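Presented below is the structure to which this report refers.
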Amino acid sequence: LSSQKKFDEIKKANQAAAKKLVEDQFSSSSEDDDEDAEIKQGKILAKTFTIYTSQTDGDASELERTRQYMSEAFQSGAMTCLICIASVKRNQAVWSCCGCFCIFHLVCIQKWAKDSLFLVSSPLTDDDFGKKDYPWPCPKCRFEYKRSETPSRYYCYCGKVENPTLDPWLVPHSCGQICERDFKPPCGHKCLLLCHPGPCPPCPKMVTTTCHCKKAKPVPRRCSAKEWSCRLPCGRTLLCGQHTCENSCHAGDCQPCPRVSKQRCVCGRQTAERLCASPQWQCDQVCGKPLPCGNHTCEQVCHAGPCGDCPRSGKRFCPCEKSSKLRFFIFYFFVCLNKQKSHSEVEKQCRCGKHTKRMPCHKPYLCETKCTRTRDCQKHQCKRKCCPGNCPPCDQVCGRTLGCRNHKCPSGCHRGSCNPCPETVDVKCNCGRTVIKVPCGRERTIKPPKCKQLCSRPPTCHHSTQEKHYCHFGQCPPCRQSCQKALACGHLCPVPCHDEALVKQTGVHQSAGPWEQPSEPAFIRTALPCPPCQVPIPVECLGQHEVSPLPCHSAIPYSCKRICGRLLDCQNHTCMKECHHVTKLNSSADGNKAGPECSQCEEECTKPRPSGCPHRCVLPCHPGDCPSCLQMLKIKCHCKLSVLYIECLKLTCADVEEKELLISCKNQCPKELPCGHRCKEVCHSGSCPLNCSQKVKLRCLCKRLKKEIQCSKIQEGQVSLDCDALCKEMKRKASEIKEAEAKAAIEEEKRRQQ
């Protein structure tokens, strides 16, 4: 049991390690193979844009901004969390800002929101802690979110699916469904793309809309560009009420009227030529109308409407704000003068509340005591003189090293995490012509950009120029050009260049003992000799059966492994040896004739015998015709009753009639005809004739009449014997007797049953 338990534990651990390894290798966008990633990216983008392009008749020109965001989702290292400066992997929970569409780790943005809310709502900076719903900003675009909008769950881009499953054929963190988010600005339609990062493209729907001035007929246009101008004069009445807008059809309000007309001032005393756009103007004359108090006149410059109350009436205060409220200004002024000495100096408390001092009532009192409270950064003291407790934010520079490890925080001293480094770093290819900008700190982990410039390094093999390939780091790829060195046979070496082939170096290091771990095999670059020439050369086999192309280095006569097949002297059989060399005794002899190296025929004569001869030829295998057969044949006659002895030569040379006579025994044929009589012919071959001449008796149907007729005529149906009138009368009487008997039997049965 303990062994089984240990085995199960080890099995689970191995399975978990293998699963984690697969996820790590598959998750990061920076770990994908470049070629496979490009193929996948093209297919996924095409699949994502399918519905949009079908609705817009294949027009994807308005998708460039969205396409850029989706391309960055696949680009190696492009998806970077600006909070932790780390790659965003495919299998990690993320959150996307709705303002700048930047992608962050869900855990990072939750911590960012928590720290931001704590920093803003700290009691050291605000007395209303817990009473206000303070917002928190996006780390990149500073778009503000409410406390209730802090993300707590992982959703896809369109927000439909929680915890979307990882699919290699979908955009990372996408659910694969149609987006269906409302377009911005809202138009009543929804996005038609598959769930995607970044902003939704402009609305592709077709709507019927009219121009800005509503004069032209409605025309079908894209919903995203439904606002259009007919270029006709606007014609709307301007604010002056006298003229109409002469500009071409436009959106929004009309511009101010550019014409000049005579306009009265606000008080109506003067008239001047002014722009229609500004009919309200004031002249420089004082109003002068009597006020309601009856003692004073209005001192305001040209104005509209009533003049209002007298400014010298009503309740007022003395400058020190300690005199009682008086009704009239003159009385109030003298009373204030009489009391000025009594309150010119008062006991005042400083702003921080620690000291008191007699001071003029109109001067503030600030002590020299420096505040010892810690500012909102929780690091530095306030040190402001006579601080009332509302210490200002720390004005020192933070100076902490940012997550990029390259720069220091330039913000004011603060609590919590510093903002992401705002700097960007150029990552260049090997030749320096292709540059991409990445967030500062990512230059150590990002892959260099793919450069489309050709590599300019000189070749390291014997070729004058190297194959064209793009800029790269490290050594150039092995030369794949044809070697083209001259071989000993005169041909050129066609194999790829082998001046710098990788060869495993074996036997260099010998282990000191079994305890020493074997080292990995070392590979060295060395020039290999050219391989044997493989140019095909036509070569004939030894027996001259075929011509096959053989490699140049092994182009010699060979045996094709076929049967020789040359005709032997017997002229009946061929040589059965395997393909071999044959010496021609005569230059003019047939090339298909056997030579001295061929085999000798030892077979019997197998030539076909005459038809009907069952005997073999008495000679061995020979050329020409066989001699005549002189043996006797023992055969039976046609009727199989007699045995005859005939010479084989006579029988095989005879024609059909002669054979018929030779095999006949000359006796009557014993065979029986179909009618039952014996054949009258002499012993013959084949079937007996059917015209039987035997006399037989023929009767009518009632068997009363009879007649002798030849048998063959009856078989052929040529003769028949019909009944006469007497036969029919006798048949009728017999039928009546039978019917009477049957009727009597029925009557008897009825009586018996009754």
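The values are calculated or read from the model by the stated rules, or taken from the named source; none is laboratory data. Model, not experiment: these values are computed from the prediction. Note: ideal-geometry Cβ built from the backbone for every residue, glycine included; neighbour counts use all protein chains shown. Heavy atoms of the whole protein, side chains included, go into the accessibility calculation; ligands, DNA and RNA do not. Shrake-Rupley method; radii C 1.70, N 1.55, O 1.52, S 1.80 Å.
Regarding segment 606-617, can at least one residue be identified that is without any contact (Cβ under 8 Å) to a residue 12 or more places away in the chain and in contact with a strand residue (DSSP E or B) (Cβ under 7 Å, 6 or more places away or on another chain)?
No: segment 606-617 contains no residue that is without any contact (Cβ under 8 Å) to a residue 12 or more places away in the chain and in contact with a strand residue (DSSP E or B) (Cβ under 7 Å, 6 or more places away or on another chain).
Looking at segment 173-191, can you tell me whether even one residue there is charged (D, E, K, R), at pLDDT 85 or above, outside any loop (DSSP other than H, G, I, E, B) and in contact with a His (Cβ under 9 Å, 6 or more places away or on another chain)?
Within segment 173-191 (the criterion being charged (D, E, K, R), at pLDDT 85 or above, outside any loop (DSSP other than H, G, I, E, B) and in contact with a His (Cβ under 9 Å, 6 or more places away or on another chain)), the answer is yes, since at least one residue qualifies.
Within segment 192-208, restricting attention to residues that are outside any loop (DSSP other than H, G, I, E, B) and open to solvent by 30 Å² or more (accessible area, probe 1.4 Å), which residue is nearest to S229 (Cα to Cα)?
At the first step, the residues of segment 192-208 found to be outside any loop (DSSP other than H, G, I, E, B) are 194, 206-208.
If we keep only those that are open to solvent by 30 Å² or more (accessible area, probe 1.4 Å) as well, we get 206-208.
On the way: M206: 17, V207: 16, T208: 14 Å.
Only one residue fits best here, namely T208.
Those residues that are in a loop (DSSP other than H, G, I, E, B) and open to solvent by 40 Å² or more (accessible area, probe 1.4 Å), I need them from segment 366-384; list them, please.
Hits for segment 366-384 are L366, E368, T369, T372, R373, Q378, K379, H380, K383, R384.
Going through segment 240-273 one residue at a time, which ones are of a type in the set (A, V, I, L, M) and not in a loop (DSSP other than H, G, I, E, B)?
V260, A272
Scan segment 405-419 and tell me whether some residue there is open to solvent by 30 Å² or more (accessible area, probe 1.4 Å), free of Cβ contacts under 8 Å to residues at least 12 places away in the same chain, outside any loop (DSSP other than H, G, I, E, B) and not polar (S, T, N, Q).
Within segment 405-419, one or more residues are open to solvent by 30 Å² or more (accessible area, probe 1.4 Å), free of Cβ contacts under 8 Å to residues at least 12 places away in the same chain, outside any loop (DSSP other than H, G, I, E, B) and not polar (S, T, N, Q).
Within segment 696-754, work out how many residues are out of contact with any Lys or Arg (no Cβ under 9 Å at 6 or more places or on another chain), surrounded by 12 or more Cβ atoms within 10 Å (Cβ to Cβ) and under 30 Å from C679 (Cβ atoms).
The total comes to 5.
Just name the residue that is farthest from P258 (Cα to Cα) out of those in segment 268-289 that are loosely packed, with under 13 Cβ neighbours inside 10 Å and of a type outside the set (D, E, K, R).
Restricting to residues being loosely packed, with under 13 Cβ neighbours inside 10 Å and of a type outside the set (D, E, K, R), the top hit is G288.
Are there strands (runs of 3 or more DSSP E) fully within segment 521-565 with at least 2 residues that are under 26 Å from H462 (Cα atoms) and either in contact (Cβ under 8 Å) with a residue 12 or more places away in the chain or under 46 Å from the mean Cα position of the chain (by Cα) (or both)? List them.
Working: elements: 522-526, 536-540, 547-551.
Ranges flagged: 522-526.
Any idea which residue in segment 578-596 is modelled with the highest pLDDT, counting only those that are closer than 15 Å to R562 by Cα and open to solvent by 90 Å² or more (accessible area, probe 1.4 Å)?
My answer is E578.
Tally time: how many residues in segment 147-174 are exposed (fewer than 11 other Cβ atoms within 10 Å of the Cβ) and either β-branched (V, I, T) or in contact with a Pro (Cβ under 8 Å, 6 or more places away or on another chain) (or both)?
Result for segment 147-174: 1.
Taking segment 385-395 as the search range and keeping residues that are open to solvent by 40 Å² or more (accessible area, probe 1.4 Å) and in contact with a strand residue (DSSP E or B) (Cβ under 7 Å, 6 or more places away or on another chain), which one is nearest to P410 (Cα to Cα)?
Within segment 385-395, the match that is nearest to P410 (Cα to Cα) is D395.
Could you list, in sequence order, all residues of segment 597-618 that are more than 30 Å from N667 (Cβ to Cβ) and open to solvent by less than 80 Å² (accessible area, probe 1.4 Å)? Talk me through it step by step, then tell me what you get.
Initial filter on segment 597-618 (more than 30 Å from N667 (Cβ to Cβ)): 597-609, 616-618.
Those that are more than 30 Å from N667 (Cβ to Cβ) and open to solvent by less than 80 Å² (accessible area, probe 1.4 Å): E597, C598, S599, C601, C605, K607, R609, C617.
Could you list, in sequence order, the residues of segment 693-716 that are of a type in the set (A, V, I, L, M) and in a helix (DSSP H, G or I)? Before the answer, list the steps.
So in segment 693-716, the residues of a type in the set (A, V, I, L, M) come out as 696, 698, 701, 705, 709, 714.
The answer is I714, and nothing else.
When you look at I109, is it at pLDDT 85 or above, open to solvent by less than 30 Å² (accessible area, probe 1.4 Å) and in a helix (DSSP H, G or I), yes or no? Walk me through how you get there before you give the answer.
Details: at pLDDT 85 or above: yes; open to solvent by less than 30 Å² (accessible area, probe 1.4 Å): yes; in a helix (DSSP H, G or I): yes.
It is true that I109 is at pLDDT 85 or above, open to solvent by less than 30 Å² (accessible area, probe 1.4 Å) and in a helix (DSSP H, G or I).
Looking at segment 238-252, can you tell me whether even one residue there is surrounded by 13 or more Cβ atoms within 10 Å (Cβ to Cβ), closer than 30 Å to K215 by Cα and either in contact with a His (Cβ under 6 Å, 6 or more places away or on another chain) or among the basic types (K, R) (or both)?
yes
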